[in-house]
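Okay, structure first, notes after.
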Amino acid sequence: QVQLVESGGGLVQAGGSLRLSCAASGRTFSPYAMGWFRQAPGKEREFVAAIGRRAGAAYYADSVKGRFTISRDNAKNTVYLQMSSLKPEDTAVYYCAADLTSITKLANGPDYWGQGTQVTVSS
């Protein structure tokens with residue numbers, strides 16, 4: 001059974017940084033794409049960032065470009081999201097996602113979801 005387990009959320013002041021991690025486990029599980037979504041109170045879940053198995057194949061929502069960096073350790077089946085220059089509007093539950101097929105598929109409906117981790121940015 002595949003599991004995605006997030007960690008690293010918390011409370012931070014505006015302008016600060018946080019690093020989220022997501023470890024994927026499961027027998028022979030090797031997703032092509034891994035990424036992050038977020039959902040703020042009263043809003044729909046939105047795409048944040050995704051990364052393919054190859055280094056360099058990373059994509060970001062316009063709202064986080066230049067502030068967030070996604071990376072991946074294929075050997076550990078772990079994806080990271082380094083968040084810097086955080087703003088109050090980044091406050092949300094952040095969800096890890098994984099897809100066996102492609103980044104496009106992940107962005108439109110991934111195969112697997114994590115449980116989510118809360119990120120709160122105070123002003």
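The values are calculated or read from the model by the stated rules, or taken from the named source; none is laboratory data. If you're wondering where the values come from, they're calculated on a predicted model, not measured in any experiment. Quick reminder, even Gly has a Cβ in these numbers, built from the backbone with ideal geometry, and neighbours come from all protein chains shown. With ligands, DNA and RNA removed, areas are computed over all heavy atoms of the protein, side chains included. Shrake-Rupley method; radii C 1.70, N 1.55, O 1.52, S 1.80 Å.
Once C-alpha pairs closer than 8 Å and six or more residues apart are averaged by separation and normalised to the residue number of region 24-83, the relative contact order reads 27 percent. For ILE51, the solvent-accessible surface with a 1.4 Å probe is about 10 Å², rounded to the nearest 10. Just want to confirm a number: the relative contact order over the chain, from Cα pairs under 8 angstrom separated by 6+ residues, in percent. Relative contact order for the chain comes out at 36 percent. A viscosity of 0.692 mPa s and a temperature of 37 °C, combined with the Kirkwood radius over Cα pairs in Stokes-Einstein, give a translational diffusion coefficient for region 1-65 of 237 µm²/s. Both the radius of gyration and Dmax for the chain are 13.4, 43 Å, in that order, over alpha-carbon atoms. Each principal axis of the Cα atoms in region 76-116 has its own extent, and those three values, largest first, are 33, 24, 19 angstrom.
Please report the net charge: other residues with Cβ closer than 13 Å to the Cβ of ALA58, K and R +1, D and E -1. So the environment of ALA58 carries a net charge of +4. Between LYS87 and GLN115, the FRET efficiency from the beta-carbon distance, with R0 = 25 Å, is close to 0.55. With the helix formula -39500 (n - 2.57) applied to DSSP H stretches of n ≥ 4, the chain reaches a computed 222 nm mean residue ellipticity of -1000 deg cm²/dmol.
For region 39-78, what ratio Rg/Rh do Cα atoms give with a Kirkwood hydrodynamic radius? List each step's numbers first, then the result.
Numbers: Rg = 12.2 Å, Rh = 11.6 Å.
Over the Cα atoms of region 39-78, Rg/Rh equals 1.05.
Solvent exposure of the chain amounts to 53 Å² per residue of accessible area, where only protein heavy atoms count and the probe is 1.4 Å.
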